[in-house]
1. Using the structure shown, decide if VAL283 is over 18 Å from THR425 (Cβ atoms) and open to solvent by 40 Å² or more (accessible area, probe 1.4 Å).
2. For GLY446, are the conditions met, namely being under 30 Å from GLU409 (Cβ atoms) and modelled with pLDDT under 90?
3. Given (1) modelled with pLDDT of 85 or more; (2) open to solvent by less than 50 Å² (accessible area, probe 1.4 Å); (3) part of a strand (DSSP E or B), where does GLU318 come up short, assuming only one miss?
4. Tell me whether region 321-340 contains one or more residues that are of a type outside the set (D, E, K, R), surrounded by fewer than 14 Cβ atoms within 10 Å (Cβ to Cβ) and part of a strand (DSSP E or B).
5. Out of everything in region 302-313 that is open to solvent by less than 70 Å² (accessible area, probe 1.4 Å) and free of Cβ contacts under 8 Å to residues at least 60 places away in the same chain, what residue ends up being nearest to the chain's Cα centre (by Cα)?
6. I'd like to verify a number: residues in region 251-307 that are farther than 23 Å from THR226 by Cβ, at pLDDT below 90 and among the β-branched types (Val, Ile, Thr), how many?
7. Taking into account only those residues within region 158-208 that are modelled with pLDDT under 70 and part of a helix (DSSP H, G or I), which is surrounded by the most Cβ atoms within 10 Å (Cβ to Cβ)?
8. Determine the pairs where a residue that is under 14 Å from ARG316 (Cβ atoms), located within region 333-346, has a partner that is assigned to a helix (DSSP H, G or I) with Cβ atoms under 8 Å apart, the partner being 6 or more residues away or on another chain.
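The values are calculated or read from the model by the stated rules, or taken from the named source; none is laboratory data. The shown structure was predicted, so the numbers you read here are calculated from the model rather than taken from an experiment. Using ideal geometry, Cβ is built from the backbone for each residue, glycine included, and neighbour counts are taken over all protein chains shown. Surface areas here come from the heavy atoms of the whole protein model, side chains and all, with no ligands, DNA or RNA. Shrake-Rupley method; radii C 1.70, N 1.55, O 1.52, S 1.80 Å.
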Amino acid sequence: MREKRQDDIRPCDVSRGPAEGADRKRRTHSRRKSLPAFMIRLFVRLGGLIHICLLKGLYYLLRGMQYLVLGVLYAPRLLKEPLRRLCTFLFRPIRTQMQYADHIYKNIRAAKRRGKGGVAAAAIRSVGAYLCGENGLFITLFNCAAPIVSIAFFLGVIHYGASLDYGLSVEYNGEALGVVTSESEVDSATREVKQRIADVESADLTIHTPRLSLTILDDGMPYVTTAALANRMLEHSDVPLTEAWGVYLDGRFYAAVHDKTIVEDALLQNLAEFQLPDQATDVGYQKEVTYQSGLYVADSLMDEKALCEKLTQTTRYETTHTVGEYETLLTIALRYSMEKEELIALNPELEEDDTLVVGQRLTVEKESRVLPIVCTVQMTIPSFIEYDTVELETSAVNKGDTKVLVPGERGEKSNVVDIFYVNGTEESRTVISSTILKEPVSEQIGIGTYSAAPSSGTTKLNGTGQFSWPVNGGYISDPFISNRNHKGLDIAAPAGTEIYAAADGVVTVAGWNSGGYGYLVMIDHGNGYTTVYGHCSVIWAAVGQTVSRGQSIATVGSTGNSTGNHLHFEVRENGICRDPGAYIRVNTD
C-alpha cells in the first residue's frame, strides 16, 4: 500500500451526510491542537494563583477565629490578679479588726489566772487598744470615712457654686449703674447713647468706657435692661436731658418728640394719600419706624409737625434708564410713574412712534423720600421661551454650505410675577410660578456633507440648490434643450459610477423603460417636482422606497437609446420638464 501524500487529500463532498460529522470532528481536533502552548501555561498559572488566594483567605479566617476564642477563654485569667488585689485591699481593715478581736480574747483568757482584778485590767487595756490603738477601730473608721467626707464636701461646694446667680456689675464714671447678664447688653447701651447724641451739635458729652466686674446676685436683685442702662449712662453726664419719645428708622435714632401720636397719625395719613398701583398689596414704609421712650438730650427734640414734614417730603431727581428687550416708551413711562409725554419731554431726540433699541439710554425721573413707600403688585404676564439651535451634519446640503432644516420657534409661558415698587417705581420682579403654554421648537441647521460634484471645477451651475448634482463626478455632455430639443441634462461618467438621489422623496418607478430610457428610476419629491434618472446599468432602489438626498439609487450605464455611458437627468414640475441647471448649484463662489 502506497504512502498517502499531503497533496492526495481531497475535500469532502458536503452532500454526503456521514462524512460531514467526521469532517467536523477532524476540524475540531485540529483547532484544539492549534491552541498555543503559552495560553495553556497562562490558564494553569491563573488557576494556581486563584487556588493559593482562596487557601490564604481561609487560613487567615481560621487564625482570626482562634484569637477570638482564646480571648474569650483567657479573659477571666487576665482579670484574676486585679480582682484579687482589689478584694485584699477592701477586706484588709475587716481582717485587721478580726485579728484584734482574737488577740483581745486570748489576753482575757490568760488574765483569768491572775484573778478578777487581772481580768478587768486586761479587758480595759485590750478594749482601749482595740478602739484607740495604731490600727484601732476609730483610726480604721476615720481612714475609711475621710475620703468619703472629702468627696461629699467637694460635690457640695460644686453644687453650691452652680446654684448661685452671677451677673456683670456695670460701673460708669465712678457710679454703679446695675447688673446685666452679658457684655453685649453693655455694648448695645453704649451704641444707643451714641445714637441719641450723634446729630446734636450742642451735646458736649464724653462717652466713658463702662467697667465690668463679676458679682453674685442677692435675692431680689433685678437685672437692668439695655434701655434703662442707656438712660442711666445719660443721667451721669453733664448735658441737659428730657423725657421724650425717640423715633427710630430701621433701629437708628432719628429724632425725639414729646408726642409720638402726632407722628404716627401723619405717617398713616401719608400712606393713605399715596397713589398706589392697581391691585397693590403689602403697602408700607421700606424702613421700619419704631418709638422708644426714655431720656434724650434736650437739643435732640424736634417739633412734631416739622418732623412729620421732614419724614413725608418728596423730591424728584433725574437718572438714566437702559432700555431692555421688548420695552417701549409706554412701558418705561409706567415703570417710573410718568406720563409718556413727560418721558419724551425729558428726551427731546425721541418721537411719539420711535422704536427703542436694546441698550439705549434714556433720561427718567424718580422720587426720593426719607421714608420710601413700598408695595407689591401680583400680575400674570406672558413671556417667550427662546429656542435652542442645533447643528446637524446632513447630506441634504452640499459640503461647505449650511441650511436651516427646521426653523426655530419660540415657546410661550404664563408667569405669575410679584412686582416690587418703591415710591411708585418698579424696582424688581420675582417669578412666583410659571405655566408653559407652548414648548419651543429647536432650530436645526444642516452642515453640508454632500460632496458629489462634477469632475472638473470649470463646470459651474448657479441654480437654487433645490436639487444636488446626482453623479459622483462626470461632466455635462449635452445640456437642456440643445439642438435636438433635449428634455434633460446628460452627465457623462464611466460605467458603474454611483448615481445619487438629488433630493428626498419616494421612488415611483424603478426598472426597464421601453420608451428609450433603458433602466430608469423616477423619484417623487412631494411638492410637484419629480426627478428622472435614465440609461442606468444597475438599479438599487425599489418602488415605494423612501430615499434621502445623496443616497445611492443606481449606477451609470448606456442602456436604452444611448450611444455612451452617461446619466440622463430630468427635473419635472407638475409633469413639465424644466432646465435642471436652474435647480443645481455647484462650483459657485
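1. Considered against the rule, which asks whether it is over 18 Å from THR425 (Cβ atoms) and open to solvent by 40 Å² or more (accessible area, probe 1.4 Å), VAL283 comes out as no.
2. yes
3. With (1) modelled with pLDDT of 85 or more; (2) open to solvent by less than 50 Å² (accessible area, probe 1.4 Å); (3) part of a strand (DSSP E or B) applied to GLU318, the lone miss is (2).
4. yes
5. THR312
6. Going through region 251-307 one residue at a time, the tally reaches 1.
7. ALA198
8. Filtered contacts from region 333-346: TYR336/LEU343; GLU339/ALA333; GLU342/ALA333; LEU343/LEU329; LEU343/ILE332; LEU343/ALA333.
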